[in-house]
Amino acid sequence: MQNRKCVFQTDIGNAPDTEPERQQYFISRCREWIQERTGELGRPLTCYISTFGCQMNAHDSEKLMGILLAAGFEEGNSEESDFVLYNTCTVRENANQRVYGRLGYLHSLKKKNPHMMIALCGCMMQEPEVVEKLKKSYRFVDIIFGTHNVYKLAELLFDRICSRKMVIDIWDENRRIVEDLPSERKYSFKSGVNIMFGCNNFCSYCIVPYVRGRERSRTPDDIIREIEGLVRSGVVEVMLLGQNVNSYGKNLDPPVSFAELLRRVEKIEGLSRIRFMTSHPKDLSDELISVMAESKKVCRHLHLPLQSGSSRILERMNRRYTKEQYLQLVERIRHAVPDISLTTDIIVGFPGETDEDFEETLDVVKKVRYDSAFTFIYSKRTGTPAAAMENQVPEEIVRKRFDTLLNTVQEIASQNCGRDVHTVQEVLVEERDVQEDGWMTGRLSNNTIVHFPGSEELVGKLVNVYLDEARGFYYMGTLVK
Ligand code: 5AD
Ligand code: SF4
């Protein structure tokens with residue numbers, strides 16, 4: 001048990017040692033403090049989270065917002081709030097630069113609002129050089145934490161309130177998984193679910209294994225229990241999240257394959273759709289392909305990062321597959337699940353990439369015909385093996401290749417989008433159409449967006465929609481009664 005003195009109450013009692021009780025305790029302590037400030041100021045204290053990067057961060061931000069709201073903050077709609085949190089990404093260098101840039105702006109806001117607190121978390125905080133720089137040159141930041149202790153936000157906030165000093169808490173690995181804390185889902189009917197953390201692949205350009213630590217899978221029982229709870233609260237679609245879901249469960253005792261996990265999730269009554277992200281091609285099993293083919297719930301969409309179409313570059317990237325193996329895998333998937341939509345990630349300008357290598361990438365893009373692709377310019381990440389490689393590609397060449405790739409990808413994607421026009425498809429209705437009053441927006445199983453006239457009671461429901469027209473990346477449709 002830990003006894004602490006605090007400025008706003010001399011005797012704060014004893015915080016429990018067990019979780020989640022400990023965090024619930026700190027949530028209620030923070031709530032007392034926030035209520036006091038609210039009374040003094042005569043207005044609610046507001047909070048705002050800005051999320052950078054991937055789905056994992058987006059999911060963490062829902063948990064962080066859940067904690068802040070439970071602690072008594074109201075959600076604000078801009079950085080002009082009393083508690084501003086940046087959940088950062090560090091996959092590419094420019095994401096880091098953006099955070100430093102925006103911190104200058106936050107500092108100017110803090111000078112105007114003495115009640116403001118600034119917190120930073122996420123992958124960028126797992127880099128020791130970043131924390132050093134913040135400690136030295138950004139003293140106005142109040143709380144810094146990483147990717148492994150998101151659940152501790154209330155405790156860290158409490159520490160900050162009591163100590164009035166910058167609070168820094170970074171762990172280098174995932175020590176524990178704390179369940180049953182509040183979460184504020186962006187959508188009531190769909191949710192991310194972490195199935196594993198970390199990555200063991202060490203692709204030579206990628207910083208993720210250094211900042212997210214080694215792979216660690218949650219047990220199937222814990223995952224199923226969480227999803228059952230979500231379904232009870234109205235969720236019909238889950239996105240199973242992991243850096244490399246295809247190696248799920250390898251280190252569990254006894255081991256469980258990702259395909260086996262999907263079979264178990266499929267049996268959950270009331271759940272309609274299952275998505276997952278991200279798959280590494282080298283670990284995608286035939287067992288998984290057959291589960292996808294047989295399943296009624298697993299969506300017709302697979303995100304299968306290619307990174308490069310050149311076997312020579314793939315080897316330097318430490319991806320552990322060749323161009324031919326990737327294409328064969330795509331063929332096996334398409335044979336088993338003909339209506340599948342494939343999307344990918346591609347990096348251009350990896351060190352040593354020649355025009356011929358780039359042509360190989362374009363060749364794969366044309367052969368696979370992706371429904372969409374995230375295209376990235378290679379970013380040198382200090383500490384990764386690729387950062388020390390010779391033959392970094394000159395910027396103007398990379399730019400040219402990037403533009404060519406983007407045009408090719410977009411042209412194919414818009415041709416693909418017409419595939420289902422004039423058919424009736426099942427759509428999960430997500431929200432009001434932001435452009436058109438009286439219209440709704442939803443998604444097909446293959447993840448394509450559909451807009452159609454409809455009313456708000458449809459949100460979260462699966463409806464049949466006739467797809468009247470394809471417009472590049474989305475459809476316009478009509479509800480079928
Ligand atoms: N430079 C550019 N893109 C990168 N990615 C990962 N590391 C880098 C890097 N150093 C891309 C990969 C990955 C996606 C999430 O980000 O394509 O799949
Ligand atoms: Fe990075 Fe490769 Fe792991 Fe993906 S699989 S997170 S690209 S190291």
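General observations
- Selected residue (criterion: farthest from ligand 1 (Cβ to nearest atom)) from residues of the range 297-322 that are farther than 20 Å from Leu241 by Cβ and basic (Lys, Arg): Arg312
Condition check ((1) open to solvent by less than 90 Å² (accessible area, probe 1.4 Å); (2) farther than 22 Å from Gln410 by Cβ; (3) within 16 Å of ligand 2 (Cβ to nearest atom)) across all residues:
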| position | (1), (2), (3) |
| --- | --- |
| Arg334 | yes, no, no |
| Ile340 | yes, no, no |
| Thr343 | yes, no, yes |
| Ile347 | yes, no, yes |
| Val368 | yes, no, no |
| Arg381 | yes, yes, yes |
| Ile397 | yes, no, no |
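- Scan of the range 265-286 for residues that are more than 26 Å from Arg225 (Cβ to Cβ) and of a type in the set (A, V, I, L, M, F, W, C), ordered by number: Leu284
- Residue in the range 250-269 that is away from ligand 2 (no atom under 16 Å from the Cβ), among the acidic types (Asp, Glu) and surrounded by 21 or more Cβ atoms within 10 Å (Cβ to Cβ) present: no
- Residues (part of a strand (DSSP E or B) and not aliphatic (A, V, I, L, M)) located in the range 227-249: Glu237
- If the condition is being in a helix (DSSP H, G or I) and more than 20 Å from Arg369 (Cβ to Cβ), then the range 388-430 contributes Ala388, Glu395, Glu396, Ile397, Val398, Arg399, Lys400.
- Test result for Val398, in contact with an Asp or Glu (Cβ under 8 Å, 6 or more places away or on another chain) and farther than 30 Å from Asn446 by Cβ: no
- Lone unmet requirement of (1) touching a Lys or Arg at 6+ places or on another chain (Cβ under 8 Å); (2) away from ligand 1 (no atom under 16 Å from the Cβ); (3) modelled with pLDDT of 95 or more for Asp339: (3)
- The helices (runs of 4 or more DSSP H) found entirely in the range 122-222 that carry 3 or more residues being closer than 24 Å to Arg102 by Cβ and away from ligand 2 (no atom under 16 Å from the Cβ) are 128-137, 153-163.
- Of all residues in the range 88-107, those that are assigned to a helix (DSSP H, G or I) and either surrounded by 15 or more Cβ atoms within 10 Å (Cβ to Cβ) or within 16 Å of ligand 1 (Cβ to nearest atom) (or both) total 11.
- Taking residues in the range 405-428 that are at positive phi, and partners anywhere that are open to solvent by less than 10 Å² (accessible area, probe 1.4 Å), the pairs with Cβ atoms closer than 8 Å and at least 6 places apart or on different chains are His422/Leu467.
- Residues of the range 296-311 classified as open to solvent by less than 10 Å² (accessible area, probe 1.4 Å) and either over 25 Å from Val91 (Cβ atoms) or of a type in the set (Gly, Ala, Ser) (or both), total: 4
- Check on Leu261, modelled with pLDDT of 95 or more, farther than 21 Å from Leu444 by Cβ and away from ligand 1 (no atom under 16 Å from the Cβ): yes
- Out of Gln243, Gln307, sole residue that is under 25 Å from Asn201 (Cα atoms), at pLDDT below 95, in contact with an Asp or Glu (Cβ under 8 Å, 6 or more places away or on another chain) and within 16 Å of ligand 2 (Cβ to nearest atom): Gln243
- Test: Lys110 is in a helix (DSSP H, G or I), of a type outside the set (Phe, Trp, Tyr) and within 21 Å of Ser28 (Cα to Cα): no
- Residue within the range 351-361 that is under 22 Å from the mean Cα position of the chain (by Cα) and either within 13 Å of ligand 1 (Cβ to nearest atom) or at negative phi (or both) present: no
The values are calculated or read from the model by the stated rules, or taken from the named source; none is laboratory data. No experiment lies behind these values; they were computed from the predicted model shown. A quick note on method: Cβ atoms are made from the backbone with ideal geometry, for glycine too, and the neighbour counts reach across all protein chains shown. Areas reflect the complete protein model, heavy atoms only, side chains present, ligands, DNA and RNA absent. Shrake-Rupley method; radii C 1.70, N 1.55, O 1.52, S 1.80 Å.
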